Amino acid sequence: MKSKQEQLNKVGIYLRLSRDDERAGESLSIENQRTILEKYVAENGWELTEVYADDGWSGTNFNRPQVQRMLEDAKSGRINVIIVKDLSRFGRNYIEVGQYIDYIFPLYDIRFIALNDNIDTADRDSSSMEMMPIMNVFNEWHAANTSKKVRAVRRANARAGKYQAAFAPYGYIAGTDEKRTPVIDEEAASIVRGIFEMYASGMSAKKIADKLNGDGILAPAAYMKDKVGRTKRRTEICPYWSPCTILQFLRNRMYIGELIQLRYTTVSYKNHKSIRKDESEWAIIKDAVEPIIDRELWDKCQERKKPYRRGRSTKRSGVDPLSGLMFCADCGSTMRLAWNTTHRGKDRKLVNYRQNYNCGAYSRSGKYFCSSHYIKFSDMQSLVIADIRDQANFVLENEDEARAEFIKRKERQTNLQSAGDERKYREGVERLSELDTLIQSVYEDKVLKKVPEEICIGLLEKYQTEKEQLETELNVINERLIRLRQEKSDVDEFIRRIKRYADVTELTRELCLDIIEYITVDRYSGDKDTPRSIHIYYKFIDKKPIKGE
């Protein structure tokens, strides 16, 4: 008759190696652990039933796939002895390790052995078992301390511009230099450029995804697996593009050369839930990688992503070029595109339809909310085209005069008056230099006792007060000058863009998003001959939108 201890011979050995443990070298390798434990099992004449190995998992996380499989096998009776190289291989969370060894394993009559720590639950009176709680606490302290050091190293590397992600974004591959700086993968980069260009032209994310799928372009994960034979996903790979993937591309600032890291962290070294950090805590390095798209195309796409600029698509005509850009001048509601249809005959055959715009609030709620702002679609299109051509021709005929007029237009809207500011700033800087010289001179006179101390103190107070007041005034003037320089730069950008449309004959979504900020339409009196106000506000030279920001 075998004793109870002799019967406990169905052994499962557990092996674990975390990424941080890899630095310890061969001594902690999976193969080294396997060799030691298999030898121990053979020396005792036990049956090795199963080997469980978690490679690349932290000991603070007990949701490891192999440790969970091992525990299920133990509870089902498939194994009744668990052997690990040491306690830290099983886990570094002293509460959970203690729960398993002191409560769960005894409940299922499971023997637990940590070889290097001389832990064997078959002999609970040993000194090693008495020291086990202390060893567990030390193992957790080690995990906490290692986590702290690793985070510090990652922060330092991120701020130094070292690329730390395992894979580069679609359009790039990880570089081979010391910083692993991503380099352009031209095959994928051409697709990225196409996505941004299609979105800037007015296509929706869904239509872009449909086009890529229709052209047989592999989605990023499938492309990565096809090219390098591996992927960051553990689930089955879908080869098709989705609108969500397109929108993620449009948010990725690496495509304009910015390297952004440290965006996410975990709750703690025990809780690995990922949380997004505030942008002020990110490590952002501009011009760190070669951009795939230019800043102008990026800005166009970001501008179009604003809710009021996305526009509404209709089955009849797709996205109207002016959708989301026209507003009622009275209530601020978006102007709505509608159709007036004409049917004839018994079968009510459609013989004609006319498009027109009207105040959205009036269309929904009637005259109790707002009044009619009716205007024909064709009239609105013609009016906008004519105004764009007028602006473009004004620039082409006399660019200097147009620039000066546009700058004045901006100044009137922002109440910025540049006259005299530059002269005042130069004079102020010169006076500051004089005050510094005077203050230094007074100090020297005081030290050499050339002037009575009371007079020196009075002069110092006077000069210092004047200096502080002048510095405050210069800061205000400098802010105005910076804003003015920015506005001049904005005017130059508007001139550069409007030149393209001198011969425009048809409105497109891309054109409207490129140069129009928004349009306001005045009420409709019912008489088409009655004058009404329609204002077109252009990007860079006119005030910001009245809604949607």
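Here, each number is a calculation from the coordinates, and none is a lab measurement. These figures come from a predicted structure and were not determined experimentally. Ideal geometry is used to build each Cβ from the backbone, glycine not excepted, and the neighbour counts take in all protein chains shown.
With charges only on Cβ, +1 for K and R and -1 for D and E, what is the dipole size of region 73-134 about its Cα centre, in debye, rounded to 20?
Value, rounded to 20: 280 debye.
Among 300/408; 277/408; 277/300; 424/450; 207/376, which pairs are too far apart, with a Cα-Cα distance over 32 Å?
277/408; 424/450
Which ordering of 97, 153 is given by a fewest-first count of other beta-carbon atoms within 10 Å?
Placing the least packed residue first, the sequence is 153, 97.
Percent of alpha carbon pairs in region 35-121 separated by more than 22 Å?
The share of Cα pairs beyond 22 Å in region 35-121 comes to 19 percent.
Going 7 Å from the Cα of residue 44 in the Cα-to-Cβ direction, what parts of region 89-103 have a backbone nitrogen less than 18 Å from that spot?
Residues passing the 18 Å test: 89-91, 101-102.
Taking R0 as 60 Å, what's the FRET efficiency between residue 72 and residue 490 from their Cβ-Cβ distance, rounded to 0.05?
Numbers: r = 65 Å, r/R0 = 1.09.
Efficiency for this residue pair is about 0.40.
Extending each Cα 7 Å along its Cβ direction at residue 421 and residue 438, get the distance between those two points in nm, one decimal.
2.7 nm
Students often check this: by mean Cβ neighbours within 10 Å, which of 380-392, 196-208 ranks highest, and how do the rest follow?
The densest-packed peptide leads the list: 196-208, 380-392.
Give me the extension gain from residue 279 to residue 533: residue separation times 0.36 nm, minus the current Cα-Cα distance, reported in nm with one decimal.
Numbers: separation 254, 0.36 × 254 = 91.44 nm, distance 4.32 nm.
The residue 279-residue 533 span can extend by a further 87.1 nm.
Ranking 304, 500 by Cβ neighbours within 10 Å, fewest first, what do you get?
Numbers: 304 20, 500 13.
The order, fewest Cβ neighbours first, is 500, 304.
Evaluate the charge dipole of region 417-481 about its Cα centre and quote only its size in Debye, nearest 20, assuming +1 on the Cβ of each Lys and Arg and -1 on the Cβ of each Asp and Glu.
I would put it at about 120 debye.
Under 19 Å Cα to Cα from residue 39, which aspartates and glutamates show up? Leave out anything in the same chain fewer than 8 places away.
Of all the aspartates and glutamates, those that pass the test against residue 39 - Cα under 19 Å, at least 8 places apart if same chain - are 6, 26, 31, 47, 50, 86, 117, 120.
Can you run phi through the Karplus equation (6.51, -1.76, 1.60; θ = phi - 60°) for region 96-108 and list ³J(HN,Hα) in whole Hz, with x for Gly and Pro?
Karplus-based 3J(HN,Hα) across region 96-108 equals 5, 4, x, 4, 5, 6, 8, 10, 6, 4, x, 4, 9 Hz.
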